[in-house]
């Protein structure tokens, strides 16, 4: 199977076997790096990183992955490029294609990255858009494989919180694609959009995945090996949104009682980060002050810092899985 020259825009663009091959490659690259046997396959390759939205894990993952493989990166942010301001996405794609071997984009509109891919002559990678977060899904699935009781069987996981965002959409669709047991546990107003659910249902009919959307924790959490959540107010949303979200989502906060509800002593907690689990950030302090959540917002600090938490394995796996995408599409 070859993925050379392919874009990586959303999960549904790939078959289960293709996604499985990327996960297998990521596991091999991770093992090679840790044993000191990594072979650089991307010497001389050039990667452009476009960041319309700020980033920590995505940026450093692409940079370290490319450098480990012998390649080079150039970072373009709103302060250092004309994209979307003085130059169209289409023109940017055609200019960068003449100078780079691949382009990563992290921004708001998924239509922008589709246009970028349409006009680029090189692979384009989605570092995050408002609708999809496919590089995060590879990291999540590698992490779940590493910690699952039976990694060869269907993964069982629940996502609690605002499921209309890119992480909720991608966890639903990726799980459907990979034949997983996916539970979206959220108020119905915060479920993924109808077109996203329809896509997941279509994929599940082909793969045998089990999909549950419910507002009842007692239906969605028991039996889940992994409990996921994300911040309640996404990047770019106004601060006024917090009051509404806290009122809606306080019952879906992941604490020790929710983890116990899985019925599995080995159940793991997952979060794509950053997380408001304490008052170590400006947002965490503000929400604690304004809404009476001193020990964490979407997740309690006791869960985040517990042995059940594998969030930093997830964060590390962003790099290994992104490296797999780069190697598979460029080497």
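Derivation of every value follows stated rules applied to the coordinates shown; laboratory data play no part. This structure is a prediction, so every number in the text was calculated from the model and none was measured. For neighbour counting, all protein chains shown are included, and Cβ atoms are generated from backbone atoms with ideal geometry for every residue, glycine included.
The table that follows gives values for the structure above.
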{"quantity": "Relative exposure of 174, 66, judged by other C-beta atoms within 10 Å (fewest first)", "calculated": "66, 174"}
{"quantity": "Reported label for calculated mean projected area of the Cα convex hull in nm² given (i) 16.4; (ii) 25.2; (iii) 18.7", "calculated": "(i)"}
{"quantity": "Angle in degrees between helix 110-119 and the longest Cα principal axis of the chain, rounded to the nearest 10", "calculated": "20"}
{"quantity": "Calculated FRET efficiency for the pair residue 281/residue 189, C-beta based, R₀ 30 Å, to 0.05", "calculated": "0.65"}
{"quantity": "Cα-based helix-to-principal-axis angle, 16-35 vs the chain, degrees rounded to 10", "calculated": "80"}
{"quantity": "Fewest-first sequence of 55, 234, 300 by Cβ atoms within 10 Å of each Cβ", "calculated": "234, 55, 300"}
{"quantity": "Kirkwood hydrodynamic radius of the stretch 14-103, Cα pairs, Å", "calculated": "14.9"}
{"quantity": "Relative contact order (%) - the stretch 72-128, alpha-carbon pairs under 8 angstrom, separation at least six", "calculated": "36"}
{"quantity": "Solution diffusion estimate, µm²/s, Stokes-Einstein, the stretch 139-281, Kirkwood Rh from C-alpha pairs, 25 °C, viscosity 0.890 mPa s", "calculated": "160"}
{"quantity": "P(r) of the stretch 238-279 over all Cα-Cα pairs, binned every 5 Å from zero, in whole percent", "calculated": "5, 15, 21, 26, 19, 9, 4, 2"}
{"quantity": "Relative exposure of 50, 211, judged by other C-beta atoms within 10 Å (fewest first)", "calculated": "211, 50"}
{"quantity": "For the chain, calculated [θ]222 nm from helices alone, where every DSSP H run of n ≥ 4 adds -39500 (n - 2.57)", "calculated": "-13000 deg cm²/dmol"}
{"quantity": "Alpha-carbon spread of the stretch 117-217, three principal axes, descending order, Å", "calculated": "45, 34, 24"}
{"quantity": "For a label point 7 Å along the Cα-to-beta-carbon line of residue 108, residues of the stretch 183-219 with backbone N under 12 Å", "calculated": "none"}
{"quantity": "Gained length - residue 17 relative to residue 56, 0.36 nm times residue gap less alpha-carbon distance", "calculated": "11.1 nm"}
{"quantity": "Degrees, to the nearest 10: 194-207 long Cα axis against longest axis of the chain", "calculated": "80"}
{"quantity": "Length-normalised contact order of the chain in % [C-alpha pairs under 8 Å, at least 6 apart]", "calculated": "20"}
{"quantity": "Three-way shape call for the stretch 164-236 based on the alpha-carbon gyration tensor, with the a/c threshold at 1.5", "calculated": "oblate"}
